[in-house]
Amino acid sequence: MTVLFYLANNLTLPGQILAGRTERGLACTYPLVILFGIFSLFAAEGHAQGSAASIPVGDARLTPALDVEYVTSDNAFLAPSNEVSSTGVSISPSLTLSADKAQTAFDLSYRGRFAAFDEDELDFADHFLTLNAGQGISRRLRLSGSLGFAREHSDTFTNLALGSAEGAQEQVSFDTLRANASLTYGAAAAKGNVRIGFGLQNRSPNNFESLVGNSGFDSARTFAEFLLRISSDTRFVTGIEYSDVDYDRGATRDREAVTA
């Protein structure tokens with residue numbers, strides 16, 4: 001397996017991050033160390049089986065990955081004065097289970113991003129779960145779709161922390177659900193393909209609803225497009241799309257659009 005380490009100084013968790021952390025902060029830090037160890041074992045297993053960076057699981061393949069980053073900021077809260085510096089470590093593990101057999105293909109993936117800082121309120125835990133699938137109905141007709149869930153923090157909390165959310169012990173986070181489906185007509189190697197499809201999305205605050213509840217929305221889109229193969233790696237795409245966005249609060253932000 002390929003393990004990517006991007007560290008500014010070294011691979012160890014800096015001592016200043018652990019020093020003086022609250023019980024909640026330490027509760028966030030320890031899982032990072034555990035995750036690091038678990039995915040390091042996956043790395044060794046993947047490396048032992050060759051350079052493919054994946055592990056056979058029946059007819060499928062499991063691909064683990066791990067990214068570690070050392071992060072530092074001289075002005076963590078974007079304050080105009082009384083700037084606060086902060087240092088932290090983020091660990092991003094991912095697992096992808098994929099298979100491609102005959103006319104059917106799928107991949108199921110999980111990606112996380114967990115961070116611990118010396119300023120506890122900057123800690124976060126993001127989660128991304130995605131399922132992609134494709135099914136060949138005939139030689140010229142293919143159906144594909146995807147489902148996704150994300151719980152991720154919002155960087156705008158750095159500003160909220162200076163105002164209404166001052167004293168809060170966690171970052172603002174949002175839950176997002178996505179569903180997409182499309183039908184493609186035309187052989188995979190054909191000069192041209194036609195595709196129609198739709199997409200649905202729901203975004204809602206996971207916390208601080210009184211502050212950011214007006215950022216939640218539901219959206220829907222439908223589209224039709226024509227794809228023309230120009231060369232083996234170049235395609236010309238043209239089409240039309242209709243989208244409708246409906247915010248939970250503030251009808252003046254709702255919108256409908258047609259783009260081509």
With the crude spin-label approximation of a point 7 Å out along Cα→Cβ, what separation in nm comes out for residue 237 versus residue 104? 2.7 nm
Net charge over other residues, Cβ less than 10 angstrom from the Cβ of residue 183 (K, R count +1; D, E count -1): +2
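Just rank 238, 96, fewest to most, by other beta-carbon atoms within 10 angstrom.
238, 96
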Neighbourhood charge, 11 Å Cβ-Cβ cut-off, centred on residue 254 and excluding it, Lys, Arg +1 and Asp, Glu -1: -2
Please turn the phi angles of region 81-93 into ³J(HN,Hα) values with the Karplus equation 6.51 cos²θ - 1.76 cosθ + 1.60 (θ = phi - 60°), one per residue in order, whole Hz, x for glycine and proline. 8, 6, 4, 10, 8, 8, 10, x, 10, 10, 10, 10, x
Footprinting exposure proxy for 69, 170, 256 (fewest neighbouring C-beta atoms within 10 Å first): 256, 69, 170
Explain nothing, just the number: dipole magnitude of region 137-260 about its Cα centre with +1 on each Lys and Arg Cβ and -1 on each Asp and Glu Cβ, in debye rounded to the nearest 20. 1060 debye
Whole-Hz ³J(HN,Hα) from phi, Karplus 6.51 cos²θ - 1.76 cosθ + 1.60, for region 132-148, glycine and proline x: 10, 9, x, 9, x, 7, 8, 5, 10, 10, 10, 10, 9, x, 8, 10, x
Got the relative contact order for region 137-260 handy, in percent, Cα pairs under 8 Å and 6 or more residues apart? 19 percent
Output for region 201-260 (equivalent-ellipsoid semi-axes, sqrt of 5λ from the C-alpha gyration tensor, Å, descending) is 35, 14, 7
Order of 63, 104 under a 10 Å beta carbon neighbour criterion, fewest first: 104, 63
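FYI, it's all coordinate maths here, none of it is from the lab. Predicted, not measured: the structure shown is a model, and the values here were computed from it. Don't worry about glycine lacking a Cβ; one is built from the backbone with ideal geometry, like all the others, and counts go over all protein chains shown.
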